[in-house]
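Reviewing the structure listed below.
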Amino acid sequence: MSEVSGLGPRDPDSHKGDYGRLLFVGGCRNMSGAIAMSASAVLRSGAGLVTVATSLSAQPIVAGYNPCYMTAGLPEDSQGVMKLNMDQLDEAVGGLDKFDVLAMGPGMGQSAAATALMDEIYQRFEGPMVIDADGLNNLSSLEDAAGPRVLTPHPGELRRLLSMLERNCSDQREDQQRQGRQLAADYQVTLLLKGSETLVTDGVDAYYNSTGNPGMATAGCGDVLTGVIAALLAQQFDPLPAALLGAYLHGLAGDLAVEDIGEISLIATDLIEYLPVAFQQYQAEH
């Protein structure tokens, strides 16, 4: 890990717009915490302006979680899962073109409407996108991406992606890594396959992350990772370096947290609390 140009001292004359305008889309009635943690992690990772678009019934919970981001309530179905198209989302947030980076999926829920929305945004939004969790589960195609895409599946989500593409997926980690590299190459995306020694690849180069610990095998840690990567994209990192450094810092926060908390008691929100120390340590060492 040697690329730190985007994490150097900030210009005294800079303002919040210089560090990215990000839109997070996710959360539903029964899963409001995931998108709230993602958006909190992106703020702790240096992003400038953050908006969270979530289902109408989840909005008060998400808004109450952190006062530092803005929120927008979206139309939803009877299950509290957002139900709208890209044009409606565009109107709800005051224009998608004002955002530098989109992050989609945490807590989103699955539905036919969510699939249609994911596909439409995937093929029309020209900026970088981080797609995780139900963002991946709702995708029906990886063709015709309008801009850079970072996919962050765990092994189960990779299996669903490969099944959607009518490809077989092994239960063996080594085979999954090979299949992930091939998927990234075929669709020109950056893929981060979570797990011990997380794989990060663009289909040409492949790297394995050295930080992290078993205490991070708990709900919500992947949502935090989504936020870290999105923040680095907003700070002008290219997709592969953003995914690489995001995985490293996310794991480092977990390693720092586990020293104080232990593996058994570690929870995802602890990672957010330790991100500042992780960033400071990384900057000091590089």
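Every number in this text was worked out from the coordinates using simple rules, so none of it is lab data. As the structure is a computational prediction, the values presented were derived from the model and not from experiment. Every residue, glycine among them, receives a Cβ derived from its backbone with ideal geometry; neighbour counts consider all protein chains shown.
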Across Asn209, Asn85, Asn168, the residue with the highest GNM fluctuation in the chain (Cα network, 10 Å cutoff) is Asn168
If you find the alpha carbon centre of segment 203-218 and of segment 45-105, how far apart are they in angstrom?
29 Å
Using each residue's phi in segment 209-226, evaluate 6.51 cos²θ - 1.76 cosθ + 1.60 at θ = phi - 60° and report the 3J(HN,Hα) Karplus result to the nearest Hz, with x for Gly and Pro.
6, 9, 9, x, 7, x, x, 7, 7, 8, 4, x, 5, x, 5, 5, 4, 3
If you place +1 on the Cβ of every Lys and Arg, -1 on the Cβ of every Asp and Glu, and leave all else neutral, what size is the dipole of the chain about its Cα centre, to the nearest 20 Debye?
340 debye
Provide, for q = 0.11, 0.13, 0.22 Å⁻¹, the log10 of I(q)/I(0) from a solvent-free Debye sum over equal Cα point scatterers in segment 75-176.
-0.34, -0.47, -1.21
Compute the FRET efficiency between Ile264 and Arg178 as 1/(1 + (r/R0)^6), taking r as their Cβ-Cβ distance and R0 = 30 Å, and round to the nearest 0.05.
0.35
Which one, Tyr65, Ala145, Val258, projects farthest toward the positive side of the charge dipole computed for segment 15-279 from Cβ point charges (K/R +1, D/E -1)?
Tyr65
How much net charge surrounds Gly26 when only other residues with a Cβ under 9 Å from its Cβ are counted (Lys, Arg +1; Asp, Glu -1)?
-3
Can you give the relative contact order of the chain as a percent, counting alpha carbon pairs under 8 Å and 6+ residues apart?
19 percent
Which one, Ala284, Ala185, Pro155, projects farthest toward the positive side of the charge dipole computed for the chain from Cβ point charges (K/R +1, D/E -1)?
Pro155
Grab the alpha carbons of segment 37-84, take their convex hull, and tell me the volume per residue in Å³.
68 Å³
Taking amide hydrogens as modeled 1.01 Å from N in the peptide plane, which residues meet the under 5 Å criterion relative to Glu263, leaving out close sequence neighbours?
none
Report the net charge of residues surrounding Val130, where surrounding means a beta-carbon distance below 14 angstrom and charges are Lys +1, Arg +1, Asp -1, Glu -1.
-4
Phe24 long-range amide H proximity, modeled H, under 5 Å
Thr51, Val52, Ala53, Ala103
Quick one: Kirkwood hydrodynamic radius for segment 15-279, alpha-carbon pairs, angstrom, one decimal?
18.0 Å
In deg cm²/dmol and to the nearest 500, what is the mean residue ellipticity at 222 nm of the chain if only DSSP H runs of at least 4 residues count, each as -39500 (n - 2.57), divided by the residue total?
-13500 deg cm²/dmol
Per residue of segment 273-283, what does 6.51 cos²θ - 1.76 cosθ + 1.60 with θ = phi - 60° give for ³J(HN,Hα)? Whole Hz please, x for Gly and Pro, Karplus curve as stated.
5, 9, 4, x, 5, 4, 4, 4, 5, 5, 4
Over segment 230-286, what number does the Rg to Rh ratio reach, with both radii from the alpha-carbon atoms and Rh per Kirkwood?
1.01
Among DSSP bridges having both ends in the chain, what percentage is antiparallel? Round to the nearest 5.
25 percent
